[in-house]
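Reviewing the structure listed below.
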Amino acid sequence: MSLKVFNTMGGRKEAFVPATPGKVRMYVCGVTVYDLCHVGHARANVAFDIIVRYLRHAGYEVRYIRNFTDIDDKIIRRASQEGIPFEAVTGKYIDAFHEDFDRLGLLRPDAEPRATEHVPEIIALVSGLVRAGKAYAVDGDVYYAVKGFPEYGKLSGKNVEDLLAGARVEVDERKRDPLDFALWKASKPGEPAWDSPWGPGRPGWHIECSAMAMKHLGETIDIHGGGKDLVFPHHENEIAQSEAATGKPFARYWLHNGFVNIDNEKMSKSLGNFFTLRDVLARVKPEVLRFFLAASHYRSPIDYSDRSLAEAKAGLDRLYRVKEKAEICRAAGAAPSALPEGEEFAPLRDARNRFDGAMDDDFNTAAALGRLFDAVRALNRLAPDDPAAEREKAGQFLAGYELLEPLFGVLGLLRISAGDYFRLEIHVMDTVGVGENLSATVRPSEADVLKRIEARKAARARKEYAEADRIRKELEAAGVLLEDGKAGTTWKYRE
RNA sequence: GGCGGCAUAGCCAAGCGGUAAGGCAGAGGACUGCAAAUCCUUUAUCCCCCGGUUCGAAUCCGGGUGCCGCCUCCA
């Protein structure tokens with residue numbers, strides 16, 4: 001089995017072969033930090049988070065870099081609107097980014113370079129391009145001359161004539177060619193500025209990624225990732241300027257994630273149809289969003305809706321119930337033993353291979369989750385009713401669970417204990433349940449619940465089922481779900 | 001106008017030439033005092049439409065229809 005990835009360059013799946021065997025150098029375009037992140041950003045970041053996790057799981061040593069664009073027009077505008085320095089804007093939103101994405105369980109990249117920390121490298125790169133005649137300075141701006149790069153358009157499948165024919169190319173008298181783009185922008189008075197051979201100014205957007213990728217990873221990287229909307233012009237321009245500067249291919253594989261849609265339309269700032277990550281994480285547990293994102297292939301568009309989240313939650317609950325059973329087995333003193341023979345347990349015994357097989361096909365998380373659910377069904381057959389009394393089953397169950405746990409980990413799922421998932425995280429109110437909305441009721445404490453369970457147990461022992469049912473219903477109304485098993489009654493908060 | 005993508009059950013979603021994964025929801029059964037959870041069974045004669053290639057197509061080709069994206073800042 002070997003990994004295949006869909007390379008935007010060429011538009012097809014290819015065998016994944018990094019430049020150095022066993023090592024992967026990966027750069028993902030991060031966000032411009034002028035505002036809060038929304039679900040679309042979460043999609044991209046979760047997609048590449050899973051890709052990094054899977055590559056490591058597959059044995060690669062991955063060096064993963066993701067930048068922050070911390071200087072650009074939007075940031076400057078925001079700063080002047082709020083009357084604060086631009087660093088205050090970027091600092092605030094970088095903190096917010098980390099806060100939001102830590103909750104989503106994203107791995108921190110090996111470095112998170114910022115454009116403003118790489119101005120010398122950027123100036124060196126631009127100077128080189130000017131010296132080589134690939135770029136030209138006009139009134140303190142520096143533009144890249146697209147005509148000097150015959151392969152321009154090779155990533156996005158566009159050709160220069162078509163682009164010129166389109167009426168949407170901005171007209172700028174100072175450019176030699178309408179397609180030329182800024183490598184360096186002269187600053188207006190009062191704007192943030194760095195000294196340069198062309199006067200005070202700041203980096204253009206595209207050049208920062210070339211400079212930072214080269215500095216942190218070298219002239220040819222293995223994987224360059226980002227959202228589909230970055231293919232043109234951003235990544236096309238990165239290729240042009242980088243390859244003109246080095247004469248080497250900039251990236252071996254270009255990976256692009258699809259969009260998050262609302263009612264079949266791209267979620268975006270300009271359409272105003274976006275939900276910030278904070279909006280969403282105030283309503284559902286972080287892993288519910290992760291599950292929702294992992295349930296589709298990373299290149300497909302996905303439609304975001306309350307219903308999708310509710311379905312994701314139902315699926316994730318099922319997985320956490322398995323983890324809960326494993327925790328109960330452990331608490332009962334079970335130790336992992338051998339897995340049982342038998343065809344019906346094959347999806348469990350062979351889970352790793354099946355999971356890897358799905359992921360090897362261009363990180364097909366949807367299929368991989370399917371294999372995991374197959375394994376979960378097999379595993380549930382082993383679930384003991386009473387772990388303390390059924391040692392063998394408990395040991396087998398635990399062994400099966402421990403086989404699956406790392407695979408869930410690749411998807412970034414089941415990261416917390418089931419106890420926490422079902423009980424302690426009640427500050428996160430799941431209000432997207434189908435049809436029900438629990439508003440802000442105060443839920444009973446664990447001690448109260450246990451007290452009521454004892455009372456109910458006594459009632460049941462006396463066969464006073466009406467009283468037992470009354471207690472259960474009372475707790476249910478307060479948001480607590482009781483489940484009677486052979487080994488006793490367990491409970492969880494419900495939505 | 002140029003380039004690209006998508007259309008699979010009530011909903012979500014895999015599938016990449018060999019006879020429709022998985023999840024959610026639903027139905028029946030087992031278990032249970034009753035529930036819940038779990039297990040078992042069940043739910044697309046068929047993959048937008050029309051042609052074609054093939055022993056064989058949801059999968060390939062041609063033509064439609066519908067939706068979306070990029071070409072401007074954008075994950």
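The values are calculated or read from the model by the stated rules, or taken from the named source; none is laboratory data. Since the model is a prediction, treat every value here as computed from it, not as a measurement. Quick reminder, even Gly has a Cβ in these numbers, built from the backbone with ideal geometry, and neighbours come from all protein chains shown.
Quick look at the numbers
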| quantity | calculated |
| --- | --- |
| Residue count for the range A:377-418, restricted to those that are in contact with a Gly (Cβ under 9 Å, 6 or more places away or on another chain), part of a helix (DSSP H, G or I) and either closer than 19 Å to A:G315 by Cα or within 13 Å of RNA strand B (Cβ to nearest atom) (or both) | 2 |
| Matching residues, the range A:456-487, being more than 17 Å from A:R423 (Cα to Cα), surrounded by 14 or more Cβ atoms within 10 Å (Cβ to Cβ) and among the hydrophobic types (A, V, I, L, M, F, W, C) | A:A459, A:A468, A:I471, A:A487 |
| Condition check for A:A368: in the same structural domain as A:V322 (by TED's automatic domain parsing), crowded, with 17+ Cβ neighbours inside 10 Å and more than 13 Å from RNA strand B (Cβ to nearest atom) | no |
| Any pair with Cβ under 8 angstrom, 6 or more apart, that starts in the range A:447-475 at a residue that is among the basic types (K, R) and ends at one that is away from RNA strand B (no atom under 12 Å from the Cβ) | A:R452/A:P444; A:R452/A:E474 |
| Helices (runs of 4 or more DSSP H) lying entirely in the range A:232-344 (those with 3 or more residues that are closer than 28 Å to A:V5 by Cα and in contact with a helix residue (DSSP H, G or I) (Cβ under 7 Å, 6 or more places away or on another chain)) | A:236-246, A:286-294, A:306-331 |
| Residue match in the range A:215-225 (condition: farther than 30 Å from A:P301 by Cβ, in the same structural domain as A:I122 (by TED's automatic domain parsing) and assigned to a helix (DSSP H, G or I)) | yes |
| Residue check, A:N261 within 17 Å of the chain's Cα centre (by Cα) and closer than 22 Å to A:G315 by Cα | yes |
| Out of A:A332, A:A351, sole residue that is crowded, with 19+ Cβ neighbours inside 10 Å and not charged (D, E, K, R) | A:A351 |
| Residue in the range A:43-59 that is surrounded by fewer than 19 Cβ atoms within 10 Å (Cβ to Cβ) and of a type in the set (G, A, S) present | yes |
| All positions within the range A:1-55 that are assigned to a strand (DSSP E or B) and free of Cβ contacts under 8 Å to residues at least 24 places away in the same chain | A:R12, A:A15 |
| Subset of the range A:255-303 that is more than 8 Å from RNA strand B (Cβ to nearest atom) and among the basic types (K, R) - its residue that is surrounded by the fewest Cβ atoms within 10 Å (Cβ to Cβ) | A:R278 |
